[in-house]
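To keep things clear, I will list the structure first and then write my remarks on it.
The numbers here are math on the coordinates, done by the rules we state, and not lab data. Everything numeric here is computed off the predicted structure, so don't read it as measured data. Neighbour counts are summed over all protein chains in view; Cβ atoms, including those assigned to glycine, are modelled from backbone coordinates with ideal geometry.
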Amino acid sequence: MFKFIVALVFSLPLICHAGTEAITIGLLPGGNPKVIEKEAFVLAEKLQQKIGRPFEVYISKNYTAMIEALKNKKVDLAVLSSMTYVSAENEVNLKVLLKKTWSNSPFYYSAIVVAKDSKIKKLSDLKNKTIAFVDEKSTSGYLYPQIFLRKNKFTDQSFKSVVFSGNHAASIEMLENKKIDAVAVFSDDEKAKLGAWNRFAKSPKFAIRPIWISDPIPNDPIVVRSDFYESNAKLTHEIMYTLIEVQSEDSSKLTEILGTSDLMPATSRQYDPVREVVKTFQSVIKL
């Protein structure tokens, strides 16, 4: 049984006008939870200093909890995975503002990987082995690899066991410690030169072998609830441009939350490929 990070809310003291409500930004627990907690405090502090409003950062215990937080107006803006956004928009009206980037690319990838010294060399070798996914609402850690596996006649019963780690760091830790045979995680590029294994492995000598790499996936979107935007359009744009500024100034301190390269403007239509993949997945699992 693998534990998820407990939902947390970070808030900072700020002298402000009476009645000024805090703005809450939601974060998923998909990367390294401890690093996300640390960066959350930095982000809230930077936004408060630059905008002069109280900010809170909500870290959900899992991906579904973030959708509920948006739906129940506990979160005003959020950094989501592509699939979480597509799932969330069915329950709450959202507006896409920005998207994260890695190595200045608007895309990232999903990969099924094993340790380099593993005897698993090809897809068929995965039968009766153990595999870890991140979360059922994870784009690279579940959706894309599941479609690939299902199309190749793999179901959960094809494996000895299937587990959900809760985040990419936990998946890599299990693979590195040989507690699992394979994991589905994100890759920064189409050749799996860089990815979750580089960022989260404890040993710099740990290496992986990719079994499969997906088509390009649109990078994680930063969204705002539509009702919040309609009531606070000017403030939302100020937050949007401040996020770009903060990421540019302190990218090394906010890598887990805002990516390694400049934030890019984004639109809902850019996630149409993910919507199509979700539809494909829904049809594939019925086979």
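Brief remarks follow.
- Estimated [θ] at 222 nm from DSSP helical runs (n ≥ 4, -39500 (n - 2.57)) normalised by residues in the chain, nearest 500: -10000 deg cm²/dmol
- Estimated FRET transfer efficiency (LYS34, ASP117; beta-carbon r; R0 25 Å; 0.05): 0.35
- Loop-located GluC sites (Glu not before Pro) in segment 135-234 (DSSP state other than H, G, I, E, B) with a sparse environment of at most 16 neighbouring Cβ atoms within 10 Å: GLU136, GLU190.
- Distance (nanometres) between label positions extended 7 Å along Cα→Cβ at THR155 and LYS73: 4.4 nm
- Computed from Cα positions, the angle between helix 233-249 and the longest principal axis of the chain comes to roughly 60 degrees.
- The residues THR155, THR139, when put in order of fewest to most other Cβ atoms within 10 Å, stand as THR155, THR139.
- Aspartates and glutamates whose Cα lies under 15 Å from that of LYS234, excluding same-chain neighbours fewer than 8 positions away: ASP76
- Long-range amide H partners of ALA115 with built H, under 5 Å: ARG209
- Spatial separation of Cα centroids for segment 40-65 and segment 179-216, in angstrom: 29 Å
- The fraction of Cα-Cα pairs per 10 angstrom bin, counted from 0 for the chain, comes to 7, 30, 36, 20, 7, 1, 0 percent, rounded to whole percents.
- Segments 33-39, 203-209 sorted - mean Cβ within 10 Å per residue, highest first: 33-39, 203-209
- The amide H of LEU263, built 1.01 Å from its N in the peptide plane, has no neighbour under 5 Å, considering only residues 5 or more places off or on other chains.
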